[in-house]
Structures are given as C-alpha cells and as structure tokens.
Amino acid sequence: MSSSPTGRPSGTTTAPATAPASAPAPAAATATATATATRGLLPVLLTATFMTALDVFVVNVAVPSLQTDLGAGPAAVQWVVAGFALALAVGLITAGRLGDRYGRRRTFGLGLALFTLASAACGLAPTAGALVGARIAQGLAAALMGPQVLAILRTAYSGAAQARAFSMYGLTMGLGAVFGQLIGGVLIRADLFGLDWRSCFLINLPVGLAALALVRRCLPESRAPHRPGLDPVGVALVTVALTGLVLPLIQGSEAGWPLWTWLCLGASVVLLALFAVHQHRGSRAGGSPLVDTRLFADRAFTTGMLAQLAFWLGQASFFLVLALYLQPGRGLDALGAGLVFTTIGLGYLVTSTTAHHVLARLGPRTIALGGLLMAAGLGLLGLAVHTTDPGGSVWWLAPGLFVDGLGMGLVVAPVTSVVLAGVEPRLAGSAAGVVSTVQQVAGALGVALIGIVHYAADDPAEAFGRSLAALAALEVLLAGLVRLLPRRTG
C-alpha cells in the first residue's frame, strides 16, 4: 500500500509470506527441531521480519520530506516506493531455491547483511536516483530473507512449539504493517539528530547489525538433501515474467494505463505459461525445477493458494484506501493517521496471538470466521463513513477497524498453514517462495483493481465506501473458498 504525492496508488504493501500456524513435522524433522531450535532463533528471525515489514510501510510517511530534501519529482518518488515492491516480488522464488541449495542460514545471513547495508545507503542517499537504487537493493535483500525465515521455522520446530513460533511470525508481520506508518510518523516528528526522514531507514543499522551478530550462533543450518540445481532457464523466465506482470500493476494506474502496460501484461502471461511448462517437464524428468509442480497435487496447497490470493488482494488495497481517506480525505497528518491505524493493530493483537489455538479447534473454518469478521468490520466502517459528520471525529471508525483487525488476526497465519501443512521439509524453500510471490502479486493486483473502484468517485467518502464494499466481497469470497479445503490442520 502506498500512494504517490498525487494520491494515486504507486505500489504494494504486502509483506513476505506468513508461516503456518500448525504445520506437521515428520519424525526425522522432530529430532532436528529438538536439537537445533535455540533460544535466540525466534528473536533473530522476527527482528529481520519486522524490519522488512516496517520498510514496506514506513516510506509512505517519509515521502513529503524526502521529496523536499532531495528535490525528487513525482516519478522518482513513485520509484522509491515501487522499486522495493518490484524487486521483492521478482526475487522470492529464486531466493527460495538459493536457500535450498546453499543453506538457508547462509542465505538469510547474506540477505540480512545486504538489507542493513541498503538501509544505510537509503538513509545517506545524496540524490533521488541514489535512493531509488538503494530501495531496489533493499527489496532484493528482503527477497533473500523471506523464504528462509519460513523454511527455518519449518525445520527447526515441531508440534506445539512450531505452532507458537509461526503464530509469533504472523503477529510480527501484522504489527509491522499496521504500526509502520505510526513509527515513521514518530521518527519524523522526533527529528533525531536532525535526520528527519533519513531516520526511517537508518534505524535499521543498529537493529540489523545486532541481529546479524547472532545469526551463526542462533540459527541452525539446513538445506534440501540433494542440493538442487539453480535452473537458470527457470530463473530467467520467472524473473522476466514477474517483472512484466508486477511493473504495470504498480505503475499502470499512475500512468493512465498506456499501451506498454498492456503489452507487458500480455507478455507476462505467455512467459508464465512457458515457465509452468518448463517447471512441469523438469518435475516429471526428476530434475531440479525452481517450483516442483508436485506441490500442486495437494488439494490443501492448491486451494489454499486461491485463498491466499483472495485474502491478499484486499490487504494492500485496504491500507491504501484507508490512508487516502484519512489523509487527503479528512486532512490528518501522517502521525494522526498512524494513530488511527493502531486500532486495527489492537484487534489484530487480540486474535493473532491465539490463532493457533483456534485453528486447532476449528480447523480451516478459522479462516472463514476471520474472513466474515473482516467483512463485518468493513461494513461497520462503511456505516460510520455514511452516517457521521464528514467534519467530525474520525474515531467513529474505530469499532469497524477493531473488528477488521480481529478478523485479520484469524487469517494471516492460518491461511498459510493450510497451504504448507502437507509440504515436505525438503520443499519448504520452494513452497515459501511460491506463497510469498502470490502474496506480492495479489497485493499489486488488488491495488490496481480497487484503485479503479476508488477513483471512479470524486467524493472521498463515496470513494472509500465503494472500495469498502468491494473489499468486503473479497472477504466473503475467502470464507467461501474455505469450504473447498480439507478438514485436516496438521
């Protein structure tokens, strides 16, 4: 979720893949989990996870200041936001393979080191062009880390400990997303050492260095047992295809959907089809494709991916239209809007910490419950928008935001759990890359589609209300997809 200075959508805010709340571990993995899960493992992984989620969102509040300081034009500012999202989306599947081949701890450590260096480059950028380059580097580094976090949790924990670890992972991702704008607003308002917007990036340095110092001590090393090949043809196809898909989704609305955006989208469909054929042939021949198509033989994985798509289509776009309503629509500054966002975080905090217990009792119906709660929350928001004084308090939105947060907490980790519950540990990196990529692409697609609905109306309240209705329909669709999922949870 993001917006350019003109208020048009210019990027996504989806975060890297969340982990399952209760994925089973085979006997061999159980022994490994007992031996390798250390006390510092979870804090290190969650620190890196929070940094990544925060940097997706915190840049939104830094845009006005950096635009003035660097003399950045609208195109440069747009790429400060979109460059990160694009690099993250196109790198995830390949990053999953790198972890499987060279070691997940090693790849995670490399990603964390590069992310910290790129954050320093962002904070010290002398020009808008340098900042854009550093943001792209940040996105690539985040892509290196994302699949490794899931794979390490999948192999280092088992049973109830695994469920708790994945629940904390989902909590961290959600809180980073919800509180990112508030944290950015506080940092800019505090103006530490006169750094202004630069503190939003430089804050990563001490945190990243501290986490990096603990990687070797606290994280176990794991990799796929037969050290799969890199599949260079697959890497080339998926990289170009995803670039052709995500780039026009990010830039299309701002640019007015010129011809090149449609040509890119059409070419991406062809390239994705070629990628799928190449991966299927590699899987049947016993080779080392980036994505083992045998993953899709599991109904939980395939249907769960559709549920992932439905859920993440609505997340980035919801944060976008809410920010547009609160700031350009109601005149709040970044800090004021961030405070309103905390209401979602409170609801999310209530349910996300216990979602694994609910999943153990209700199974996939937990996701349906979460989706219906989100739809109800969006309905309450629509009611508040249309029945309260446009010049009055925005806190009439709080009940709807809180209920929406409750629903989010019941979906974020469980919706990934059903995707990964039957995935073998040796395929954890590949599956994590696919899940993360679907989340990123769904976020970009949702911003584009809901953006069309939003900008069809001139009045801020009407635009927000129409968007809420479309988003509520997505949550009802999510609840309906749950009926196609198998009942097992692990």
Exercise. State which residue pairs qualify: first residue more than 14 Å from R135 (Cα to Cα) and inside segment 53-79, second residue of a type in the set (D, E) in any location, beta carbons under 8 Å apart, and separation of 6 or more residues or different chains.
Key: S65/D196; D69/D196
Self-check item: Near pairs, Cβ below 7 angstrom, 6+ apart or cross-chain, from segment 269-296 (more than 16 Å from T437 (Cβ to Cβ) and exposed (fewer than 15 other Cβ atoms within 10 Å of the Cβ)) to any residue that is among the hydroxyl-bearing types (S, T, Y) and modelled with pLDDT under 90
Solution: R294/S283
Quiz item: Among V178, V149, which is buried (at least 24 other Cβ atoms within 10 Å of the Cβ) and at pLDDT below 85?
Solution: V178
Quiz item: Inside segment 275-289, can you point out the residues that are within 26 Å of the chain's Cα centre (by Cα) and modelled with pLDDT of 85 or more?
Solution: F275, A276, Q279
Self-check item: Complete set of residues in segment 442-464 that are buried (at least 24 other Cβ atoms within 10 Å of the Cβ) and among the β-branched types (V, I, T)
Solution: V447, I450
Practice problem: Mind listing whichever residues of segment 187-208 are more than 23 Å from the chain's Cα centre (by Cα), surrounded by fewer than 23 Cβ atoms within 10 Å (Cβ to Cβ) and of a type outside the set (K, R)? | Solution: A190, D191, L192, F193, G194, L195, D196, P206
Practice problem: Inspect segment 13-26 for any residue being closer than 30 Å to Q279 by Cα, at pLDDT below 85 and in contact with an Asp or Glu (Cβ under 9 Å, 6 or more places away or on another chain) and give the result as yes or no. | Solution: yes
Exercise. Scan segment 99-111 residue by residue and report those that are touching a residue at least 60 places away in the same chain (Cβ under 8 Å) and more than 10 Å from A143 (Cα to Cα).
Key: G99, D100, R101, Y102, G103, R104, R105, R106, G109
Quiz item: Only one of L274, L320, L313 is in contact with a strand residue (DSSP E or B) (Cβ under 9 Å, 6 or more places away or on another chain) and in a helix (DSSP H, G or I); which?
Solution: L320
Quiz item: Which of the residues that make up segment 402-427 are in a helix (DSSP H, G or I) and touching a Pro at 6+ places or on another chain (Cβ under 8 Å)?
Solution: A413, P414, T416, S417, V418, V419, L420, P425, R426
Quiz item: Only one of (1) buried (at least 24 other Cβ atoms within 10 Å of the Cβ); (2) over 14 Å from the mean Cα position of the chain (by Cα); (3) not charged (D, E, K, R) fails for Y102. Which number is that?
Solution: (1)
Quiz item: Quick check, is V269 part of a helix (DSSP H, G or I), aliphatic (A, V, I, L, M), within 23 Å of the chain's Cα centre (by Cα) and modelled with pLDDT of 90 or more?
Solution: yes
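The values are calculated or read from the model by the stated rules, or taken from the named source; none is laboratory data. What you see is a predicted model, and the numbers here were worked out from it, not measured in a lab. FYI the Cβ positions are ideal-geometry reconstructions off the backbone, even for glycines, and counts take in every protein chain you see.
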